[in-house]
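A short write-up of the structure that comes next.
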Amino acid sequence: MNPAADPAAVAALRGAFVAAGYTVDGLAARWGAEAGAALERGDRVPARRALAAHPDALSTLAAVLLLGDAVPRADLDAALPGLGAEGAAALGLVTLAADVAVPALDVRPYAFTDDAGAGEWWIASDLGELAVGGALRTDHVLGVGGASVTLAGLVLPGPIDRALDLGTGCGIQALHLARHARTVVATDTSERALRLAGFTATLNGATNIEFRLGSLFEPVAGETFDRIVSNPPFVITPRRPGVPEYEYRDGGLVGDDLVASVVRGAGEHLAPGGVAQLLGNWETSGDGDGLERALGWADAGAPGGLDAWIVERERLDPAHYAETWIRDGGTRADTPAGEELVAAWLDDFEQRGVSAIGIGYVLLRRPGNGRTLRRAERLDGPVGSGLGAHLAAALDAHDRAATLDDDALAASRLVVAGDVTEERSHWPGHGDPSAIVLRQGGGFGRALRVDPGLAAVVGACDGDLPLGAITDAVAELLEADAAALRVSVLSEVRELLVAGVLRFA
């Protein structure tokens, strides 16, 4: 990849993409839903057949830059007017051999919607496993995957001044941050990743991103940010000969020390009120709980600790974890080479007494007036859309409730969130419900079991009456002790506000 790509050549490439309709919708229309689904399963044949049936610029670009197929040089010349195959080779997109253009990079459209609206970019990365036909190179630059999309959806919305993308990889998080931040600093230990991310930024017209080489927070020593986002190389890989280490996922430290380092180091680089969000792993060993260990990292992240909210989305046993990441590197666990790698992983976990590995999200905040949030939970159900907005609303609700004593909270007017439904289960022949569940349609999709008193209070929260008045009325209706019910309800309501089930009117 040419680190000093000619701006005119990049502009010509962008113009060719636009003219050909090389977009997410354009490709979906070209090869249809069935071929698209087959691609997601790793089967390129239906998409190839659809492209062959329509030999034009869009099909040529999709074949060489997305499917990873060589194309006739003349076809690429026609698909890239003003640039041609020679120009594409100069940009590092292809290599030329006789009359054929062979793909050297993956450049594909990526569409999204965030709080600023809908958008679409072209993202450059290294060729994937399907294109290379085997294990990936250790300096592989990963494109947009499920983890990237998840993290982008978690990031809190809203305009900010300075943002940091720690371990930028292909640059996708930096691009998302650039829509909301005045300036973005994107760092990585891989020069190759920075070159590709810089090319992607230029291709998409992002001019407010600065790329820096270095490990963790070294490139931003002494600087602070309003937002830090990181999909760090958190994979727990045995440090021994014969086990490949991939730059995009392996941080070079033992166990979960890489994630611990990011969490502990975030505090001094967050401006007051600043928020860091990252994906990570944490190990459980002995009688300890990995989720609580991760909270402990946040406690050491700044004087007095950081506000922390950690969500464990998945919990894997050592064998499952090993198989997942060995397959990610392009090796099947059921081959002789894969079995040797599984054994190395299991030896490492056994020697360190690791019994499980948690995978999830970490949100940290540098408190302005003393820490108030220390929360760790396991939420493994399906989640709704708009998690970033949900987290922002949850933090606002927490902050507001934290300033209210019980009397002030009782004087507040609350409403039920619009995505919440109530489910009641009854034993046959019984009038009273055996279970009452409040279920969220969005956010983390929580299902919260509540008692009849709390269910009645929540059901009456329409913003008209103060919470205390509703609680007293419910106590009278249920012939319950009003003072005891109020104490119980107020405690539960604080949780329901953070969960997003209730909101301040």
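The values are calculated or read from the model by the stated rules, or taken from the named source; none is laboratory data. Fair warning: this is a prediction, and the values are worked out from it, not measured in the lab. So basically every Cβ, Gly included, is an ideal-geometry build from the backbone, and we count neighbours across all protein chains shown.
The residues on offer are ALA12, ALA16, ALA88, and the sole one that is of a type in the set (A, V, I, L, M, F, W, C), buried (at least 18 other Cβ atoms within 10 Å of the Cβ), closer than 23 Å to CYS170 by Cα and in contact with a Pro (Cβ under 7 Å, 6 or more places away or on another chain) is ALA16. Note on the stretch 464-503: residues that are of a type outside the set (S, T, N, Q) and closer than 30 Å to LEU387 by Cα total 18. Only one entry of ALA70, ALA74, ALA63, ALA79 meets the criterion of being farther than 20 Å from LEU127 by Cβ and either among the aliphatic types (A, V, I, L, M) or in contact with a Pro (Cβ under 7 Å, 6 or more places away or on another chain) (or both), and that entry is ALA74. If you check ALA322, ALA402, ALA308 for being closer than 30 Å to LEU467 by Cα and crowded, with 19+ Cβ neighbours inside 10 Å, only one passes: ALA308. Filtering ALA20, ALA37 for residues that are out of contact with any strand residue (DSSP E or B) (no Cβ under 7 Å at 6 or more places or on another chain), at pLDDT 95 or above and over 24 Å from ASN204 (Cα atoms) leaves a single hit, ALA37. Of GLY453, GLY442, all but one fail to be in contact (Cβ under 8 Å) with a residue 24 or more places away in the chain, in the same structural domain as ALA482 (by TED's automatic domain parsing), within 31 Å of the chain's Cα centre (by Cα) and surrounded by 14 or more Cβ atoms within 10 Å (Cβ to Cβ); the exception is GLY442. Residues in the stretch 129-155 that are in a loop (DSSP other than H, G, I, E, B), crowded, with 18+ Cβ neighbours inside 10 Å and of a type in the set (Gly, Ala, Ser): GLY143 only. Just one of (1) surrounded by 15 or more Cβ atoms within 10 Å (Cβ to Cβ); (2) out of contact with any helix residue (DSSP H, G or I) (no Cβ under 7 Å at 6 or more places or on another chain); (3) within 30 Å of THR150 (Cα to Cα); (4) among the aliphatic types (A, V, I, L, M) fails for ALA29. It is (1). Summed over the stretch 208-262, the residues that are charged (D, E, K, R), crowded, with 19+ Cβ neighbours inside 10 Å and at pLDDT below 85 give a count of 3. Filtering the stretch 3-30 to residues that are hydrophobic (A, V, I, L, M, F, W, C), within 14 Å of PRO109 (Cα to Cα) and free of Cβ contacts under 8 Å to residues at least 40 places away in the same chain leaves VAL18, ALA28, ALA29.
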